[in-house]
Amino acid sequence: NADVAMYQAKSSGRNNFQYFTADMNVRASERLELETSMRHALTNGEFELYYQPQVSLKDNRVIGAEALIRWNHPEQGLISPAKFIPVAEESRMIVPIGNWVLQEACRHAAAWQAAGLPPITIAVNLSPLQLHQSNLLDIVSDAMSSAGLAPQYLEIEVTESVVMQEVEHVMAMLHGIKRLGVKLSIDDFGTGYSSLSYLKRFAFDKLKVDQSFVRDLASDANDAAIVLAIIGLGKTLGMSVLAEGVETPLQLEFLRRAQTDSIQGYLFSRPLNASEFRKLLGNPEGMLLSSSVAPISG
Ligand code: C2E
Ligand code: MG
Ligand code: MG
Ligand code: MG
């Protein structure tokens, strides 16, 4: 199979030798196909950013949004980032795609502010490979300045695993991002294997509790204990704590009692496309988490 041969050649070129079974051949050719069509997707405008509101539990208002990429593939329809982001990372396509995400998110945020809508912070996910671009700081500041977005309205999310490789380089990059005035958050916290001492050294502004712990909060005493411990840890280290994947009023109630600073999840809203999100920003009632929460569909 020519696809597999090509894939093997490319992989070994990266000193990344792999064995293929019949089952993996299918996956490898599918990956190659994704990789090829990803190259066109950027220039064809097939990527789109959705925005999921983040709500403060202090005043029950939307204070930010996470930008989440979507791929509208001309033949395959919507492809989930869970499927293509790993392929984009392996093929290094995440670098140009990630840079596009930064620019697009800054553009949207600046346009909403210019239209007089309430200013919010936009969080952008950054992949480990992006942190290894030597010109990352220029890329981030160019994205902000060409959009006309002030740095305090941008937040960069990295996962724990980022912090474990090439610590000194990553540290320098993350501190550089903070010096630009951009906020930093640690994503999916609790699922990786970061050392707690690094957590202190990197000076994150926000810690995002992974949704896997939030899911069974109300029924699993271990998960409830883990969430409480993570919230305590985050607060002790001076971070703001956000809980991801909040879907039920019971979870919300627990998180409120545990002094969680903010939440993100389907209970308040699914990720919305730019025009839906803009409508939300323009609607004072929609921006408020009421005690009788009705989820917004999107
Ligand atoms: P993440 O950064 O942890 O993003 C949160 C994911 O949880 C999103 O999935 C979001 O739609 C989903 N989510 C939010 N609330 C709930 C909820 O209440 N219940 C459940 N079950 N899920 C919820 P999504 O959009 O499919 O993204 C998946 C992952 O793909 C992200 O996880 C992130 O790691 C990656 N990703 C998405 N966009 C980008 C991007 O622009 N760049 C990079 N590098 N990665 C991205
Ligand atoms: Mg994230
Ligand atoms: Mg997350
Ligand atoms: Mg995740």
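Would you please classify the overall shape of region 208-271 from the alpha carbon gyration tensor, given that a ≥ b ≥ c denote the square roots of the eigenvalues, rounded means a/c under 1.5, and beyond that prolate means a/b larger than b/c while oblate covers the rest? It is oblate, given that a/c is not under 1.5 and a/b is not larger than b/c.
Rg and Dmax of region 154-225, based on Cα coordinates, read 13.6, 43 Å.
Farthest toward the positive end of the dipole of the chain, out of I263, Q113, A225, is the Cα of Q113, where the dipole comes from beta carbon charges about the Cα centre. Using alpha carbons only, how many degrees (0 to 90, rounded to 10) separate the axis of helix 136-147 from the longest principal axis of the chain? Its long axis makes an angle of about 60 degrees. Around the amide H of L57, modelled in the peptide plane, lie the amide H atoms of S262, I263, all under 5 Å away and 5 or more residues distant in sequence or on another chain. Shape of region 94-230 from the C-alpha gyration tensor: oblate (a/c of 1.5 or more and a/b not above b/c, with a ≥ b ≥ c the square roots of its eigenvalues). Computed on the chain, with alpha-carbon pairs under 8 angstrom and 6+ residues apart, the relative contact order is 17 percent.
What size of dipole, in debye to the nearest 20, comes out for the chain about its Cα centre when the only charges are +1 on Lys and Arg C-beta atoms and -1 on Asp and Glu C-beta atoms?
On the way: 25 positive and 33 negative charges, 132 e Å.
Its charge dipole is roughly 640 debye.
In terms of the mean number of neighbouring beta-carbon atoms within 10 Å, the peptides 139-148, 184-193, 61-70, 35-44 order highest first as 61-70, 184-193, 139-148, 35-44. Mean-square fluctuation check for the chain, GNM, Cα pairs under 10 Å: which of Q130, Q152, Q52 is largest? Result for the chain, Cα springs under 10 Å: Q152 fluctuates most. Relative to the dominant Cα principal axis of the chain, helix 22-44 is inclined by about 70°. Placing +1 on the Cβ of every Lys and Arg and -1 on the Cβ of every Asp and Glu, with nothing else charged, gives region 37-135 a dipole about its Cα centre of roughly 160 debye.
Shape of region 158-284 from its Cα gyration tensor (a ≥ b ≥ c, root eigenvalues): rounded if a/c is under 1.5, otherwise prolate when a/b > b/c, or oblate? Taking the square roots of the gyration eigenvalues as a ≥ b ≥ c, region 158-284 is oblate.
Explain nothing, just the number: dipole magnitude of region 169-273 about its Cα centre with +1 on each Lys and Arg Cβ and -1 on each Asp and Glu Cβ, in debye rounded to the nearest 20.
On the way: 12 positive and 11 negative charges, 119 e Å.
So the dipole magnitude of region 169-273 works out to roughly 580 debye.
Centre-to-centre, using Cα atoms only, region 77-123 and region 162-236 are separated by 21 Å. Take the chain with all the other protein chains still there, run a 1.4 Å probe, and you get 47 Å² of accessible area per residue.
To put it simply, the accessible area of the chain at a 1.4 Å probe is 52 percent carbon and sulfur. Each principal axis of the chain carries a Cα extent, and these read 58, 44, 37 Å when sorted largest first. Helix 81-90 and the longest principal axis of the Cα set of the chain meet at an angle near 50°.
The values are calculated or read from the model by the stated rules, or taken from the named source; none is laboratory data. This one's a predicted model, so the numbers in the text were calculated from it and none came from an experiment. Neighbour counts are summed over all protein chains in view; Cβ atoms, including those assigned to glycine, are modelled from backbone coordinates with ideal geometry. Protein only, heavy atoms only, side chains kept; ligands, DNA and RNA dropped before computing areas. Shrake-Rupley method; radii C 1.70, N 1.55, O 1.52, S 1.80 Å.
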